[in-house]
Amino acid sequence: MGLRYVKIFLVMLLILLSTTACGYKDIDKRSFVLTIAVDKGQEKKYKVMLKIAIPSSDVRGQKPEFIISEQESDTITDAIRMIKTKVDKELDFSHAKSIIFGEEIVAKDVSPLLDWFIRRRDIQKIAWVGIGSPTAESIITIKRKIERLPSNALFMSFGQTGTESVYIVSEFLFDFRKRITEKGLDPILPILEPKSTFFQINKAAVFGDKKLKITLSEDETKILNMLLQRVNKADIEVKKEDTEEPFFFVSAEGINSGIEIHSSDKVEVKIKMQGVIEEAVVEVSEENLKKYKKLAEEQFKEKVLSLLWKFQEEEVDPVGFGLLYRAKSFDKDDWEQWQKLYPNVKFDVQVELQLHGTGLLK
Amino acid sequence: MLKSKKSKTIEWLQNKLGSSQDIVFREFQSGMRQAQILFIKTLCDEKKLQETFYKPFYETNEKEFDKYLNSLPNISEHKKNEETLTKMLLGSAVILLGSKVLILDVEKVENNSITEATVEKVIQGPLNALTEDVSTNIHLIRNRYPQATLRIEEAKLGKLTETKIAIVYDKNKAQSNIVQAVKDNLDRIETDVIMAAGQLHNKMTKQKRTLFPTMMITERPDRITYNLAEGKVVLLIDGTLFALIAPSVFYDFMSSMEDVYQSHWIGRFILSLRYIGLFISLLAPSLYVGITAYSTDLFRVQLALTIAGSRSTVPYPAFIEVLFMLLMMELLTEASVRLPQSIGSTATTVGGLILGTAAVEAGLVSNVMIIIVASVAIANFVIPINAMSFAMRVTKYILLALTIFFGLVGLMIGIIALVGYLAKLESYGQPYLKLFIDPSKRKGQ
């Protein structure tokens with residue numbers, strides 16, 4: 001009886017010993033990397049920068065203290081190894097929740113760069129990816145006054161736990177990778193621009209052929225966000241008929257969009273939303289509500305169409321029309337078919353706005 | 001001839017008892033009648049003796065007195081010397097009357113005052129606990145459970161202590177094989193001294209070294225009544241106010257009588273609170289070590305940095321920190337149990353508040369550690385039955401050891417092994433991890 005238990009214990013011990021992959025390392029002996037930034041190196045291919053948080057022992061008076069350790073190298077693995085020789089604690093990537101690439105580096109094919117991030121199991125695949133303009137370094141060196149933890153501003157803006165903006169296109173690492181490898185769905189990344197003591201995220205970059213192709217303006221970014229259904233609240237500017245003067249703004253919510261491809265040369269885009277007038281530059285009245293609604297719908301339709309034409313012209317497809325076409329087709333050469341079709345495809349945009357009121361009591 | 005045999009008995013008894021100062025031997029006469037009496041003063045109730053024996057002896061004539069004696073329920077005839085001696089030692093008086101040797105049970109019961117329950121408290125429910133006297137306890141139970149089917153059988157345990165044990169059960173509800181198993185179990189016990197319910201529980205289990213209780217220890221008459229109605233067997237032990245209930249499964253140890261007394265959802269809430277407490281007290285130290293030293297990605301980044309910061313002054317690895325603080329906490333708990341109540345509160349203040357803050361300020365432990373140890377201690381007290389709460393206190397260290405060596409994988413395997421072990425245990429045929437014992441279903445079996 002006793003011997004049996006000893007045997008079971010030994011087997012358990014063997015199983016346990018073989019299952020432990022990583023060893024015991026105290027939390028205070030780890031350096032938490034919060035942001036990884038990659039720029040083009042001056043001598044070598046990459047310049048890798050790690051933003052490492054310095055935990056403070058005084059919780060109440062905590063200020064965002066960090067160091068940035070950098071290394072130029074031709075491969076990321078090598079750069080990380082060299083950085084390890086510079087810091088006294090074990091690098092811990094488990095909280096590296098944001099990855100910033102420099103503008104120069106995304107101008108070329110990014111897939112070899114991305115390989116390391118995808119393969120490493122300790123890099124979280126839910127890390128947010130962004131482009132630092134002009135460099136990634138200019139973004140991660142910013143010391144924001146309102147941050148309690150280094151890099152927290154990045155996490156809050158991307159994660160929408162803090163600010164909720166229609167201009168921020170948050171992109172996860174896994175989704176970025178999916179869009180790079182998938183046919184008919186092109187990658188998008190937010191662009192971060194430094195502004196003395198803070199950074200601003202209101203533009204997006206669209207990739208084609210695994211490298212940066214076009215940069216979208218603020219308004220275009222907003223519309224792309226709505227088309228991708230990543231926001232459900234937005235404000236829409238309406239101008240006076242045939243002028244450039246602003247007329248009123250609609251605070252829209254419940255935004256719902258859908259795309260459909262019925263015949264091979266026509267793509268249908270439907271956008272539904274509802275809202276009230278938020279700000280009127282010129283006086284508006286309740287009776288003309290139907291007129292305002294029509295005006296807003298038409299103007300918004302124009303904006304969407306011009307963005308879609310822009311994508312068509314540049315042969316990029318961040319909304320995923322190609323993927324939808326491939327999903328509905330049974331042909332083996334559906335991708336080639338779509339590539340031929342896309343430049344000449346017609347867009348049918350339908351906007352449906354439910355304008356509830358002028359936003360004022362009668 | 002006859003007389004010499006009688007006096008021989010007395011002589012033999014006197015010889016055995018020696019010359020203690022509380023042994024009383026008297027001869028007295030009334031008219032033509034002669035009587036001798038031998039008893040131990042400290043064990044016998046002299047008032048009872050006065051009323052049942054002396055008074056009638058002087059006030060009636062011989063014939064009537066004989067009839068009277070025969071009608072007494074607490075009188076028996078002498079058979080064997082050894083038996084008589086045992087009875088004397090339990091509070092009987094030996095009377096030599098004419099040609100007869102009679103044994104009169106006039107036991108003095110001292111510790112039968114009913115006190116409030118101290119170990120298993122409820123807020124709104126019966127307040128009193130059992131007493132240390134077994135017949136008073138039976139009285140309490142009979143009062144609460146006035147059923148003709150209630151059976152009370154007596155047994156004696158302990159070669160030296162001769163402790164009275166009452167086996168109480170409802171004949172209609174309890175399974176006869178369980179009752180028989182309990183009786184057999186009691187018969188098998190060979191020991192000198194039995195003083196407490198826990199001790200009896202240990203003797204009754206087949207394995208020599210156990211951790212988890214498989215019989216409920218309780219001081220509440222209402223819990224006993226409730227369990228009798230569920231068809232369980234109750235063992236009352238003379239000399240202690242705790243009783244044993246068999247069979248008892250894991251769920252019973254997590255429930256308090258309060259669950260029955262409160263309204264349904266409140267009862268469920270309190271019960272789930274207890275299970276949460278159980279998991280906190282079992283897992284919190286292991287999770288702390290496992291997450292801070294192996295899988296830091298489980299925390300949010302804010303918390304990870306806070307813990308890393310608060311640990312930066314601590315010179316030792318996390319597991320030494322945890323073990324040190326847990327040891328301190330166990331010492332504190334153990335000390336406050338042993339100390340008199342008036343000093344007990346001082347010990348907790350000194351230990352809990354001063355030691356805790358000083359340890360943090362001295363940089364020996366981190367702030368977060370104090371929170372964990374405190375929550376472990378509080379959560380452990382939530383488990384209503386003391387024996388189970390102690391078992392969980394020990395189990396926690398096994399899980400902690402596994403986590404120290406193998407990280408969260410070790411913790412997981414530890415939990416699986418614990419559940420497996422608990423599932424293997426059984427209490428008189430009832431699987432230990434069975435969640436509810438339903439008496440109505442058992443009838444159909």
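Going by alpha carbons, how many degrees (0 to 90, nearest 10) lie between the helix axis of B:2-17 and the longest principal axis of chain B?
In chain B, helix B:2-17 runs at an angle near 30 degrees to the longest axis.
Find how much the distance from A:Val87 to A:Thr163 grows on full extension, using 0.36 nm per residue of separation minus their present alpha carbon separation; answer in nm with one decimal.
24.0 nm
Compute the distance from the alpha-carbon center of the range A:285-362 to that of the range B:297-325, in whole Å.
The range A:285-362 and the range B:297-325 have Cα centres separated by 53 Å.
Under the definition of Cα pairs under 8 Å and six or more residues apart, what whole-number percent is the relative contact order of the range B:263-431?
38
If the cut-off is a Cα-Cα distance under 18 Å, which aspartates and glutamates reach B:Lys67, setting aside same-chain residues fewer than 8 apart in sequence?
Candidates past the 8-residue exclusion: B:Glu51, B:Glu59, B:Glu77, B:Asp105.
Would you calculate the separation in nanometres between label points at A:Met156 and A:Gln42, each defined as 7 Å from the Cα along the Cα-to-beta-carbon direction?
Spacing of the two 7 Å Cα→Cβ label points: 3.5 nm.
Using Cα pairs under 8 angstrom and six or more residues apart, how large is the relative contact order of chain A, in percent?
12
Check each of the GluC sites (Glu not before Pro) in the range A:209-273 and keep only those in coil by DSSP with at most 13 other C-beta atoms within 10 angstrom; list them in order.
Hits after loop and neighbour filter: A:Glu241, A:Glu244.
Scale the Cα Rg of chain B by the rule-of-thumb value 2.2 N^0.38 Å and send over the ratio, two decimals.
Relative to the 2.2 N^0.38 Å estimate, chain B comes out at 1.30.
For B:Ile371 and B:Leu339, what is the calculated FRET efficiency with R₀ set at 30 Å and r taken between the beta-carbons, to the nearest 0.05?
Between B:Ile371 and B:Leu339 the formula returns 0.70.
Treating the Cα atoms of the range A:217-362 as identical point scatterers in vacuum, please give the log10 of the normalised Debye intensity I(q)/I(0) at q = 0.09, 0.10, 0.15, 0.16 Å⁻¹, two decimals.
Cα-only, vacuum Debye calculation for the range A:217-362: -0.33, -0.40, -0.78, -0.86.
With only Lys, Arg, Asp and Glu charged, each at its Cβ (+1 for the first two, -1 for the last two), find how big the charge dipole of the protein assembly as shown is about the Cα centre; round to the nearest 20 debye.
Using only the charged Cβ atoms, the result is roughly 3380 debye.
PRE reach from B:Asp187 (point 7 Å along Cα→Cβ): which of the range B:209-243 fall under 18 Å by backbone N?
So the set is empty, nothing qualifies.
Check cross-link reach from B:Lys41 to the aspartates and glutamates: straight Cα distance under 12 Å, and skip same-chain residues fewer than eight apart.
Cα-Cα hits under 12 Å: B:Asp22, B:Glu107.
When we measure straight from the Cα of B:Lys171, which aspartates and glutamates land under 14 angstrom away, once same-chain ones fewer than 8 places off are left out?
Reachable aspartates and glutamates: B:Glu153, B:Glu230.
Treat each spin label as a single point 7 Å out from the Cα along the C-beta direction, and report the B:His264 to A:Val282 distance in nm.
6.6
Based on DSSP, what percent of beta bridges with both residues in the range A:217-362 are antiparallel, to the nearest 5?
Expressed as a percentage, antiparallel bridges in the range A:217-362 total about 65.
Select from B:Leu104, B:Val382, B:Ala362 the residue farthest towards the positive end of the dipole of chain B; place +1 on Cβ of Lys and Arg, -1 on Cβ of Asp and Glu, and compute about the Cα centre.
So the residue we want is B:Leu104.
Nearest 500 deg cm²/dmol is fine: what mean residue ellipticity at 222 nm does chain A get from its DSSP H runs of n ≥ 4 alone, each adding -39,500 (n - 2.57), divided by its residue count?
About -9000 deg cm²/dmol.
If packing is taken as the average number of other Cβ atoms within 10 Å across a peptide's residues, how do A:95-105, B:339-349 rank, most packed first?
Listed from highest to lowest mean packing, they are A:95-105, B:339-349.
Whole-Hz ³J(HN,Hα) for each residue in the range A:65-78, computed from phi via Karplus 6.51 cos²θ - 1.76 cosθ + 1.60 with θ = phi - 60°, x for glycine and proline: what do you get?
Per-residue couplings from phi come out as 9, 8, 10, 10, 9, 10, 7, 9, 6, 7, 10, 5, 3, 5 Hz.
Angle check, please: helix A:2-19 long axis (alpha carbons) against the longest principal axis of chain A (alpha carbons), in degrees 0 to 90, nearest 10.
Around 50 degrees separate the two axes.
Mind checking the mean number of beta-carbon atoms from other chains within 10 Å of the Cβ atoms in B:292-303?
5
Ranked from highest to lowest mean number of other Cβ atoms within 10 Å per residue, what is the order of the peptides B:304-313, B:231-240, A:177-186?
Result, highest mean Cβ count within 10 Å first: B:231-240, B:304-313, A:177-186.
Let me know the mean shielding of A:50-58 by other chains, meaning the per-residue number of their Cβ atoms within 10 Å of its Cβ.
4
I'd like to know how the range B:125-219 sits against the 2.2 N^0.38 Å rule of thumb: what's its Cα Rg over that expected value?
Here the answer is 1.15, to two decimals.
Beyond a 21 Å Cα-Cα separation, which of these cross-linked pairs lie in this structure: B:Lys16/B:Lys79; A:Lys270/A:Lys332; A:Lys7/B:Lys206; B:Lys206/B:Lys424; A:Lys145/A:Lys222?
Result: A:Lys270/A:Lys332; A:Lys7/B:Lys206; A:Lys145/A:Lys222 exceed 21 Å.
How big, in percent, is the set of alpha carbon pairs in the range B:226-270 lying more than 14 Å apart?
Percentage above 14 Å: 60.
How far is it, in nm, from the label point at B:Asn202 to the one at B:Glu162 when both lie 7 Å from their Cα along the line to the Cβ?
Taking the two extended label points, one gets 2.5 nm.
Mind listing the phi-derived Karplus ³J(HN,Hα) values for the range A:239-244, rounded to whole Hz, using 6.51, -1.76 and 1.60 with θ = phi - 60°, and x for any glycine or proline?
9, 5, 4, 6, 10, 9
Over 22 Å between Cα atoms, which of A:Lys240/A:Lys291; A:Lys178/A:Lys233; B:Lys63/B:Lys100 qualify?
A:Lys178/A:Lys233
For the protein assembly as shown, compute Rh as the Kirkwood radius over C-alpha pairs and then the Stokes-Einstein diffusion coefficient at 4 °C and 1.567 mPa s; write the answer in µm²/s, rounded to an integer.
Rounded to a whole number, D works out at 37 µm²/s.
Averaging over every viewing direction, what projected area does the convex hull of the Cα atoms of chain A cover, in nm²?
Averaged projected area of chain A's Cα convex hull equals 28.5 nm².
Using the structure shown, select from B:Lys159/B:Lys232; A:Lys89/B:Lys396; A:Lys203/A:Lys346 the pairs with a Cα to Cα distance greater than 29 angstrom.
The pairs that break the limit, which is 29 Å between Cα atoms, are A:Lys89/B:Lys396.
Which whole number gives the average count of other chain Cβ atoms within 10 Å of the Cβ atoms across peptide A:28-39?
So the per-residue partner count for this stretch is 3.
Once the cut-off is 22 Å, how many percent of the Cα-Cα pairs in the range A:80-204 end up in the long-distance tail?
More than 22 Å apart: 37 percent of the Cα pairs in the range A:80-204.
Bear in mind these aren't lab numbers, they're just calculated from the coordinates by the rules spelled out. The structure presented is a predicted model; accordingly, all values stated were derived computationally and were not measured. Virtual Cβ from ideal backbone geometry, glycine too; neighbours counted across all protein chains shown.
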